[in-house]
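Chemist: Sharing a structure, written as structure tokens. Questions coming.
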């Protein structure tokens, strides 16, 4: 029997296939280099830990913090030009990282790498939203399922990239950067040749006149329901970021090392590949009023699992990993339930127009939440380093944030009229 997501992809036209393949390639190329950048900076360039943290922070801000700009440019100039420019800048960024051996050069490279994603990611997401609407109208797949496939493609790339990067650890770093740049050259050529020039993403005015970049941002700022949704949804990215910030602290507390971290990411990624599509189908049928609060409640419960056990001595042997495993699996489960439904809701809140600006602002708000929230949580996580009564405090704070979002999203979605359409029959769906 065929793998259901692949069977569904084969039923789609060429354009959504290309967009999904792009997400896979984007993540392979990115994770081929970035997870190993810190190793290069410390071992090859002998930079101090604080400087390495600065470099990684600059990369994150130049990407996540500037998504709103990429979204606005997409609405103004269209999907294809922004994706092509973004791929070109990403190639240049990896090229810079391959040849520089000074801090200013490294900073230039990571800014280019980050800004490239701030361009092409909102463009691809907004195009997928419009393609998903067309596929839903044609009875091929729901838009939520399209975003479920997007999550699968992204996750597959985020697993494949680090594996290839680990294989290449024995070669010079410039070789790895060159290979990553080569991946984006292939993506660039594919988009130049195959992506339609007039690909829609819900842009433009009702009169067909060309609008300034700020037009989309103005619509976003006037859309109070979307801004309320953004405020609730931004805790998702903060919660997800704890896989990189809080999970290592729990593993150190429970086992004395972070040796199991890689395996946990692999296990979580496999769960996404296997279960994302059927979960998305059920969540879409349940509707945003049920699915979004449930997804964020599961994220909250993931932190509560650790909060209950962090104050006591860890269990012996492999059982010591139980809180960390429960945390990762519940967090991923909440993500699988909530994220595709939320991405499907964004165009509805936007009135199917200026989707680039809306997806861009949504991502930038998440980046701001990570910047502010992780700074505060990072200071509290010192309490969780050893078993003690106060060890539960950071985990309880983390649990409270998605819990508040669950309540807010329940109240908000009850007031939003979402078209009630019957989902098309999907391969592998019950």
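Chemist: Of the listed peptides 67-78, 106-117, 303-314, what is their order by residue-averaged count of other C-beta atoms within 10 Å, with the highest listed first? Mind showing how you got there, number by number?
Modeler: Numbers: 67-78: 25.3, 106-117: 22.4, 303-314: 20.1.
Descending mean neighbour count gives 67-78, 106-117, 303-314.
Chemist: I need the calculated FRET efficiency for the pair residue 313 and residue 397, taking r as the beta carbon distance and R₀ as 25 Å, to the nearest 0.05.
Modeler: Working: r = 23 Å, r/R0 = 0.90.
Efficiency at R0 = 25 Å is approximately 0.65.
Chemist: Sort 299, 12 so that the residue with the fewest other Cβ atoms within 10 Å of its own Cβ comes first and the one with the most comes last. It would help to have the intermediate numbers written out before the result.
Modeler: Numbers: 299 31, 12 20.
Lowest count first: 12, 299.
Chemist: Additional query: Sorting check: for 168-179, 394-405, 352-363, which peptide has the highest mean count of neighbouring beta carbons within 10 Å, and how do the rest follow? It would help to have the intermediate numbers written out before the result.
Modeler: Numbers: 168-179: 15.7, 394-405: 21.7, 352-363: 27.1.
Going by the mean number of other Cβ atoms within 10 Å, highest first, we get 352-363, 394-405, 168-179.
Chemist: Counting other beta carbons within 10 Å of each residue's own, what order do 36, 275 fall into, fewest first?
Modeler: On the way: 36 18, 275 14.
Sorted ascending by nearby Cβ count, the order is 275, 36.
Chemist: In addition: List residues of the range 76-95, by number, whose backbone nitrogen lies under 18 Å from a label position 7 Å along Cα→C-beta of residue 197.
Modeler: Residues passing the 18 Å test: 76-85.
Chemist: Roughly what % of Cα-Cα distances in the range 249-299 sit above 17 Å, to the whole percent? If you can, show how the numbers build up before the last one.
Modeler: Details: 708 of 1275 pairs.
The share of Cα pairs beyond 17 Å in the range 249-299 comes to 56 percent.
Chemist: Then there is this: Looking at the range 14-150 from every direction and averaging, what is the projected area of its Cα convex hull in nm²? Before the final figure, lay out each step's value.
Modeler: Details: hull surface 34.1 nm².
For the Cα atoms of the range 14-150, the hull's average projected area reads 8.5 nm².
Chemist: Specify the inter-centroid distance of the range 240-257 and the range 276-309, based on alpha-carbon positions, in whole Å.
Modeler: 22
Chemist: Right, here's the next one. Given the peptides 375-384, 91-100, arrange them by the average over their residues of other C-beta atoms within 10 Å, most packed first.
Modeler: Details: 375-384: 15.6, 91-100: 20.2.
In decreasing order of mean packing, 375-384, 91-100 become 91-100, 375-384.
Chemist: Right, next: Between residue 267 and residue 224, what length in nm is gained on full extension when 0.36 nm per residue of separation is reduced by their alpha carbon distance?
Modeler: Values: separation 43, 0.36 × 43 = 15.48 nm, distance 3.90 nm.
The residue 267-residue 224 span can extend by a further 11.6 nm.
Chemist: Please compute, for the alpha-carbon atoms of the chain, the extent along each of the three principal axes and give them in descending order in Å.
Modeler: Cα spread of the chain along its principal axes, largest to smallest: 63, 51, 48 Å.
Chemist: A further question follows. If Rh is defined by the Kirkwood formula over all Cα pairs and Rg also comes from Cα, what ratio Rg/Rh do you get for the range 269-345? Mind dumping the intermediate values first?
Modeler: Working: Rg = 14.3 Å, Rh = 13.2 Å.
Looking at the range 269-345, the ratio lands at 1.08.
Chemist: Oh, and also: Based solely on its DSSP helices, what 222 nm [θ] is calculated for the chain when runs of n ≥ 4 H residues each add -39,500 (n - 2.57) and the sum is averaged over all residues, nearest 500 deg cm²/dmol?
Modeler: Details: 15 runs with 322 residues, N = 430.
Rounded to the nearest 500, the figure is -26000 deg cm²/dmol.
Chemist: Work out, in µm²/s and without decimals, the Stokes-Einstein translational diffusion coefficient of the range 213-416 at 10 °C, 1.306 mPa s, Rh from Kirkwood over C-alpha pairs. List each step's numbers first, then the result.
Modeler: Details: Rh = 17.6 Å.
Answer, rounded: 90 µm²/s.
Chemist: Can you sort 250, 136 by how many other beta carbons sit within 10 Å, fewest first? Numbers along the way, then the final one.
Modeler: Working: 250 26, 136 21.
Ranking 250, 136 by Cβ neighbours within 10 Å, fewest first, gives 136, 250.
Since every read-out is calculated from the coordinates, none of them should be taken as a lab result. If you're wondering where the values come from, they're calculated on a predicted model, not measured in any experiment. We place every Cβ from the backbone using ideal geometry, glycine too, and count neighbours over all the protein chains shown.
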